[in-house]
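Only one structure is covered here, and it is reproduced in the block below.
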Amino acid sequence: MAPAAAAYEDRLIDGGNLPVELDVDDTAGHSTAGWPRAMYAEAVASRIGRDDASTNEAGIRFGGMLDTPGFGAFTVDATVRVAGSDGQESGNMITLMQRGMPVSSEWFMNSTVGVAYSPMGDLARRQARFFVPAIQMSGTSVEWRRTNQVQAFASYGEPSVYSGVYIPTVENLGGRQAGAGLQLNLDERWSVAAQAVDVSSVPTGLDKSSPRISSRSWFGAVASEEGGVRTQLNVAGSSLEDGDAAAGAWLDAMVQSGRISHSFGGFYLEPELVWGNQQLASDATGGYYRAAYRSRRWTLDGGLDYVSSVSGDSGDVLYGTGYTRYQYSSRLGYGGGTSARQNLSDSSLATRSSGVDDLRSTAWSAFGFVDAGNAWGIGRGQLNYAQDSDQDSAQLSLDQTWNTHVGQRLSTSLLFGRVDLGSRTENSAGLAVFGGGNFGRNFSIDANARWNKAFGDADSDDLFANLALNWGFARGWTASANYYQNRSDGRFPLTVESPVGIDPTYERLDRSDSGLYLRVRYDWRAGLRTAPLGGSPGMGTGRINGVLFLDENDNGRFDASESGAANVVVLLNGRFAVRTDASGRFEFPTVVAGNHSLSVVSDNLPLAWNVPAEARFDVRVGVRGQSQIELAARRQR
Amino acid sequence: MYKLRLILTSTALLGTLGPVSEPRAQDFAAVVSPPRFEIRAEPGQRVRQVVEITNAGPRPSRYHLRTADWTLGADGGVTFSEDMTPDSCRSWVAIERREIEVPGGGRYRYRFEVQAPPDATRGECRFALMIEGDPQTVQTGNGLPVPVSGRIGVIVYVTVGEAAANLQVAATSVADTTGGTVPALSVHNAGNAHGRLNGFLSGTDARGRRLEFFPSTLPILPGETRLIPLTASIGPDAVTDLAYPVRVAGIVEWGDGRRIEIDQLFTR
């Protein structure tokens, strides 16, 4: 019998004498006593040039998180900004947010002091077509929740708006707002909610010089959800100080029938319906229907909206939209869509506001696209055409997300456009690049540039460029530099959108500004290293970096031609909050390894952009890993 | 000139040793990355790669590293073997060291090298880099202490030269899977590198339901014939109660855009 063969023994590189390459957790040396806690402090200086003037700003920013076993999680975010030649643009801001404080075995409390938003009941947030806006304020808001049965909330404060560029602060607008509400989930099927807000001498615009308003507004809803059928009846009303009152009601229904979902509703909204100092959709009555189908290969949806003016000041409008996408193979998908808006009444009734094409004029648009995996990554080619009574425009865009090494990213967009304004024709071409990456352990670059050139009579160009450098020069310390340049003649491509529930906030401003920003930041954390944010004893940590962006082409990817959304709160596991910066970026620097979910408090997103309140973005964090995530805000079609 | 193509595929195959029910190596908390990468090299060229081994646990852990050969079972399960198989290329491999210690939360950049001989013939071979923890003693249900250890096998494909898969559908059948009885393709790989199917198919079952099918992405090794189940769905939902006969048609893909047309009636 032959002897058994000896087990194979692997060869060793250099005889097993390679130097060890080992990274250890460089935050492990901090104190491990006490509750998990983290803080950061930044010193910031910037110079912003706008048109012919420039402003220097300097300030500090401080933030921290504390996770307690008995009082929930606390987040603080504060800034002090000194700006302007004589300090007249100075300001400061502090916000303390607390999530998940147990009040009893069944009740939990969430509260905010500082820059807060008037809280909303879940039913008020869950809207298919009409948004009930939250009011930003300097004040306090508090919410009590009893498991999944009761939600009660109240708020009080002075309405405010964000100001500052790199150092966000707030400008208080004067006046006050107070609000309260209650939602009861009666059983698994029925929910009811009521809430009210009272504002006194509050500007209707974004600055103190706007006309002021005093009003009382109320909202109520009852919802039923069972067996794939969900209906929600909403009623709202408002009364102004001068006695004018308005009311409205809308019904939304959604039916899931096999592979197809149907949503439909009707609405009647009197003129001058307001919510606090903000306009609700008003002076409209009509209905809508939408059907959607989604499978692994097909996405189909289409809808029809009809809206008429309650006051008769504007005409009846019919709007239709359709969209389809087909995944032909694992590497190729294509689709297209169309929208059309038809004014059914005397066109002279169509109102116009200065500089903005009124949504109720007759117009149509169509687009087609191809998504193709290629040797270099994923590409999209898209052709858009739009026409209204004043112009017709066409645009070809070529987007490519390039394959890169782990930790690096690159996407590009090419744009070619043609606009026929009747009296003249303008051609344009554009290029956008977004890229960056981590180079070594301590250095990262992110760059974003968009340039668009109009030829012919217009002979103008728009430019937006942003370059950000980060250097971790010592344990806990980061130095950052950011430069941006923005030059725009304020023109936007023609879009055709639904007249139902859309409150466009297009800002057509000629602008030219640039900024340079320098920052030094120190991050520190302590407490049980084994219990980081969202974790339990014995778990490693990683980092989440992300961007919240406005997904113009609805493809779910942050393309080079798209923009970030600033000053929006992002929640980790519904518990820890951060605010996006001027580029829409955010980070959670110390998160336990594993699966987490992010959600967005979309109160501060520009209308008609939205991230559904129930949307959850899953992210997996590796130990000492850095997870990149892109959160897409979508525009209602 | 021949090229050496090295494809490394990591899998998190956490196994255990010992005949125990639900054994758990309490302190084995290794995370290995990247999950998948590819390398190209010329014959005679030495290629060095790095596997990052992270200890996700709070305490220091010791890991033992070695190479192994492996086979892929009919169900897609991997069986590791310390014995050298005839076509093994483990002799081309050199590892950094046989044992490492990683502190809690630490990340070790572990290096290994593959040196294809200058006369290596085109084709594909494979091995695994095994990462094993120290044995731990656990109590079985009847109180007996049994040593167990956790391990992760990082699967490595080594393809030499301009080798490629060549997938062909040899037969069709139905297969019993955890997702019910589903249509399946017997796919033969006549090439000299592994391949995987992907893509979309459409179909109709005996109840007239319009369905979408997609193939399992199990690897099909060179020279092997493997049963590839086709999972059915309606909309976003998987269908586990297909009524036969089922007609399936469409195109499955493999490699760099290679396609196989399918138009088949499946009966039980």
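Would you calculate the separation in nanometres between label points at A:Glu106 and A:Ser597, each defined as 7 Å from the Cα along the Cα-to-beta-carbon direction?
2.4 nm
With a point put 7 Å past each Cα toward its Cβ, work out how far A:Ala465 is from B:Thr121 in nm, to one decimal.
5.8 nm
Let me have the relative contact order for chain A, percent, based on Cα pairs under 8 Å that are six or more residues apart.
Relative contact order of chain A: 9 percent.
Would you please give the residues with an amide H less than 5 Å from that of B:Gly191, counting only those at least 5 places away or on a separate chain, with H modeled from the backbone geometry?
Under 5 Å from the amide H of B:Gly191 lie the amide H atoms of B:Asn166, B:Gly223, each far enough along the sequence or on another chain.
May I ask for the net charge around A:Gly320, where only other residues with Cβ less than 9 Å from the Cβ of A:Gly320 are counted and Lys, Arg are +1 while Asp, Glu are -1?
Net local charge, A:Gly320 excluded: 0.
At a Förster distance of 45 Å, what's the computed FRET efficiency of A:Leu251 paired with A:Leu383, Cβ-Cβ distance as r, to 0.05? Don't skip to the end; give the middle numbers.
Values: r = 38 Å, r/R0 = 0.84.
Plugging the Cβ-Cβ distance into 1/(1 + (r/R0)^6) gives 0.75.
I want to make sure I understand the PRE zone here: with the label point 7 angstrom from the Cα of B:Asp241 toward its beta carbon, which residues in region A:244-278 have backbone N atoms less than 17 Å away?
Under cut-off, by backbone N: A:258-259.
Net charge near B:Asp205: determine it from the other residues with C-beta under 11 Å of the C-beta of B:Asp205, scoring Lys and Arg +1 and Asp and Glu -1.
Numbers: positive: B:Arg207, B:Arg209, B:Arg210, B:Arg247; negative: B:Asp241.
Neighbourhood net charge equals +3.
I want the antiparallel fraction of DSSP beta bridges within chain A, as a percent rounded to 5.
95 percent
Explain nothing, just compute: Karplus ³J(HN,Hα) = 6.51 cos²θ - 1.76 cosθ + 1.60, θ = phi - 60°, for every residue of region A:92-105 in order, whole Hz, x for Gly and Pro.
Per-residue couplings from phi come out as 8, 7, 9, 9, 10, 10, 10, 10, x, 7, x, 9, 8, 5 Hz.
Measuring from the lowest to the highest alpha carbon on each principal axis, how far does region B:155-268 reach, largest first, in angstroms?
Largest to smallest, the principal-axis extents are 49, 25, 25 Å.
How far apart, in nm, are the 7 Å Cα→Cβ label points at B:Leu144 and A:Glu241?
Inter-label distance under the simple model: 8.6 nm.
Quick one: which residues, 5 or more positions from A:Glu272 or on another chain, have an amide H under 5 Å from its amide H? H modelled 1.01 Å from N in the peptide plane, none for Pro or chain starts.
Sorted by chain and number, the residues that satisfy this are A:Asp283.
Roughly how crowded by other chains is peptide B:93-106, in terms of the mean Cβ count from those chains within 10 Å of each of its Cβ atoms?
Per residue, the number of nearby Cβ atoms from other chains is 6 on average.
Please list 3J(HN,Hα) in residue order for region A:254-262, calculated via the Karplus relation 6.51 cos²θ - 1.76 cosθ + 1.60 where θ = phi - 60°; whole Hz, with x for glycine and proline.
So the Karplus estimates, Gly and Pro as x, are 9, 10, 9, 10, x, 7, 10, 10, 10 Hz.
Using 0.36 nm per residue, how much length does the chain from A:Glu158 to A:Ala615 gain when fully extended, once their Cα-Cα distance is taken away?
So the extension gain works out to 161.5 nm.
Fully extended, how many nm does the chain gain between B:Gln168 and B:Asp134 (0.36 nm per residue separation, minus their Cα-Cα distance)? Numbers along the way, then the final one.
Values: separation 34, 0.36 × 34 = 12.24 nm, distance 4.41 nm.
Length difference between fully extended and current span is 7.8 nm.
Quick one: B:Ile152, B:Ile100, fewest Cβ neighbours within 10 Å first, how do they rank?
Lowest count first: B:Ile100, B:Ile152.
For A:Ser200 and A:Gln485, compute 0.36 nm times the residue count separating them, minus their Cα-Cα distance, and round to one decimal in nm.
Values: separation 285, 0.36 × 285 = 102.60 nm, distance 3.93 nm.
98.7 nm is the gain from fully extending A:Ser200 to A:Gln485.
Amide H to amide H, which residues 5 or more places from B:Ala29 or on other chains are under 5 Å from it, using H placed in the peptide plane?
B:Ala56, B:Gly57
Kirkwood Rh and Cα-based Rg: tell me the resulting Rg over Rh for chain A, rounded to two decimals.
0.98
In what sequence do B:His194, A:His262, A:His405 fall when counting other Cβ within 10 Å, fewest first? Could you put the intermediate results ahead of the total?
On the way: B:His194 23, A:His262 15, A:His405 9.
Lowest to highest Cβ neighbour count: A:His405, A:His262, B:His194.
Values quoted throughout were computed directly from the atomic coordinates according to the rules given, and no laboratory measurement underlies them. Values in this document were obtained by computation on a predicted structure and should not be read as measured data. With ideal geometry, Cβ positions are generated from the backbone for all residues, glycine too; neighbour counts draw on all protein chains shown.
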